[in-house]
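Each remark here refers to the structure printed beneath this line.
Throughout, read-outs are computed from the coordinates displayed, never taken from laboratory work. All values reported here derive from a predicted model rather than from experimental measurement. Cβ placement follows ideal geometry from the backbone for every residue including glycine, while neighbour counts extend to all protein chains displayed.
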């Protein structure tokens, strides 16, 4: 992956890493432009779930719904038990609860190291969902514990987490806004994050749009990208992302309010990106039916009925960065697309300004309803030329 100025992302040394800059998210040439999204999709939408009090038995019915909608999301998980859980011995007290409803609600922050929980997360990963790390545990973790968490996660899934979402910076000392960026602290985390290089969501004021932001997502494709430049500059780390929503609305009720039909229509209209900040363990499940609440299911069906790209968070973020290596030139009735990056970019989409098609040899590439033309893959350092045709 490379930055917009064609500096190789992969070749940056740790000492010379620079934060990713917010740039216009479509490249224009005249009225022609490149879409951020593959295969003619007109917006991107996913959920980035915070583990917090989560328990797999309460999450499982929700993922059945996501699967039915072919909507792939990012679910974070704690790796280890919190201090208060006494290395999982808390199950003895949870299992003694006789009331079925209360017993169902009792388990909190059940981590990846729990056998049943680990099987659940491996299962949903096999179904196409992304599993991220939500700091090592619900309580503060030392540098050594953080290293062990990355190693454990890697053994379980066969790769390190592509997404790392911080827990509370007010209570977890390894978070960057607490002691995580303090080289002299036993909770120093920045070096390990740089080593494993996941996309990091930093818990704090810059992780979400400002409280007075005019839009619920505030990440319109034509104006910005889902990155936190100020945090990236502050910590000298180039893969820090922002999410969409509001701090006090990160549950099922908040989702219905923030992602209203009108706002979803607006997201689609403006070719935007929504990386939804929510806690799926809070007000998403109907406790009577133990299924997703009907209004939430209906709202997600409305989202899924549109031409959105419903991919996990790291896939969307990686695509946005990769697309910055493409340039588009329009001259003399021809369109030229150049890939200056070191990777192939699949399903590249060009947006036609006036319904014109593109032609190459005897192949015609007609536009979709909103002018999107899928021209296919562009290899590393390749250029493709097309004739504008009717």
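Things worth noting here:
- Put a dot 7 Å past the Cα of residue 99, heading toward its Cβ, do the same for residue 230, and the two dots end up 4.5 nm apart.
- Rounded to 10°, Cα long-axis angle of helix 294-304 versus longest principal axis of the chain: 30 degrees
- Rotationally averaged projected area of the chain (alpha carbon convex hull; nm²): 19.7 nm²
- Entry note, the chain: relative contact order of 25 percent, from Cα contacts under 8 Å with a spacing of 6+ residues.
- Using a simple spin-label model with pseudo-atoms 7 Å out from Cα toward Cβ, residue 260 and residue 246 lie 1.1 nm apart.
- Calculated FRET efficiency, residue 57 to residue 377, Cβ-Cβ distance, R0 = 41 Å: about 0.50 to the nearest 0.05.
- Degrees separating the helix 313-323 axis from the principal Cα axis of the chain, which is the longest one: 30 degrees
- On Cα atoms only, tilt of 56-68 relative to the major axis of the chain in degrees: 20 degrees
- Computed [θ] at 222 nm, deg cm²/dmol, the chain (DSSP H ≥ 4; -39,500 (n - 2.57); rounded to nearest 500): -7500 deg cm²/dmol
- For the range 317-390, the alpha carbon convex hull comes to 90 Å³ per residue, rounded to a whole number.
- Gyration tensor (alpha-carbon) shape descriptor, the range 138-218, a/c threshold 1.5: oblate
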